[in-house]
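First comes the structure, then the notes that go with it.
The values are calculated or read from the model by the stated rules, or taken from the named source; none is laboratory data. From a predicted model like this one, the values you see are computed outputs, not experimental measurements. Note: ideal-geometry Cβ built from the backbone for every residue, glycine included; neighbour counts use all protein chains shown.
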Amino acid sequence: MQMSADSDTTGVVEVGPIIDPRVQGVCCRPYHGRPRGCPNFNMKYGCPPKMPLWGDVARGGPALAVWLRFDLAAQETRMLAANPGWTKRQARCLLYWQAGQRKRMKLRVRGLVDGGGARAFRTICPEAFGVDVLATMRDAGVRIEWPIERWATMVAFVAVAREGSVLDASWWHVIGPEK
């Protein structure tokens with residue numbers, strides 16, 4: 001499926017999360033400047049392997065997947081025009097766009113959950129809970145470009161919390177109403 005500038009940039013779809021504990025280990029893969037992978041692995045709350053698997057925190061059954069697409073190619077073009085000496089890597093750096101997309105996602109998810117009454121569990125890092133996001137979204141008919149060439153896609157999952165599951169009430173992994 002080829003996406004154009006007028007493609008949907010946000011959506012909500014019911015999914016059956018595909019759980020694979022090996023997904024939590026993806027954070028250990030080397031990438032540019034990080035030979036041992038993400039420095040947050042096993043250090044930061046919300047990062048694997050400290051997080052339980054999805055089934056331990058979310059009640060069985062479907063979840064809602066909320067997705068946002070960001071036109072990274074357009075961002076790169078804008079940043080290179082504003083900063084002619086930059087490299088492509090600098091122009092695509094997430095420091096210049098990810099915070100705005102996280103804010104959009106937070107507002108979108110909050111709009112779905114508020115007033116629902118049920119104890120909601122939501123996360124923008126389902127991989128930390130062993131969810132294979134690419135396979136789950138592919139099964140739901142949502143294409144995620146990987147590796148990213150033009151469209152960066154952020155995915156959040158929302159589900160009813162499993163009784164007795166205990167995670168702190170940070171935005172990333174929330175049970176119950178936000179403070």
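Structure summary
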item: Residue that is modelled with pLDDT of 95 or more and in contact with a Lys or Arg (Cβ under 9 Å, 6 or more places away or on another chain), where the choices are Gln75, Gln90; result: Gln75
item: In the stretch 66-96, residue surrounded by the fewest Cβ atoms within 10 Å (Cβ to Cβ) [restricted to those that are small (Gly, Ala, Ser) and touching an Asp or Glu at 6+ places or on another chain (Cβ under 8 Å)]; result: Ala73
item: Hey, Tyr31 without any contact (Cβ under 8 Å) to a residue 40 or more places away in the chain and hydroxyl-bearing (Ser, Thr, Tyr) or not; result: yes
item: Of residues in the stretch 155-165 being in contact with a strand residue (DSSP E or B) (Cβ under 8 Å, 6 or more places away or on another chain) and surrounded by fewer than 19 Cβ atoms within 10 Å (Cβ to Cβ), the one modelled with the highest pLDDT; result: Val160
item: Candidates Gly37, Gly61, Gly33 - the one that is at pLDDT below 95, surrounded by 13 or more Cβ atoms within 10 Å (Cβ to Cβ), out of contact with any His (no Cβ under 9 Å at 6 or more places or on another chain) and more than 25 Å from Thr9 (Cβ to Cβ); result: Gly37
item: Residue within the stretch 90-108 that is without any contact (Cβ under 8 Å) to a residue 24 or more places away in the chain and part of a loop (DSSP other than H, G, I, E, B) present; result: yes
item: Every residue from the stretch 119-132 that is under 21 Å from Phe41 (Cβ atoms), hydrophobic (A, V, I, L, M, F, W, C) and buried (at least 23 other Cβ atoms within 10 Å of the Cβ); result: Ala128, Phe129, Val131
item: Residues being of a type in the set (A, V, I, L, M), modelled with pLDDT under 95, in a helix (DSSP H, G or I) and in contact with a strand residue (DSSP E or B) (Cβ under 8 Å, 6 or more places away or on another chain) - total across the stretch 109-146; result: 3
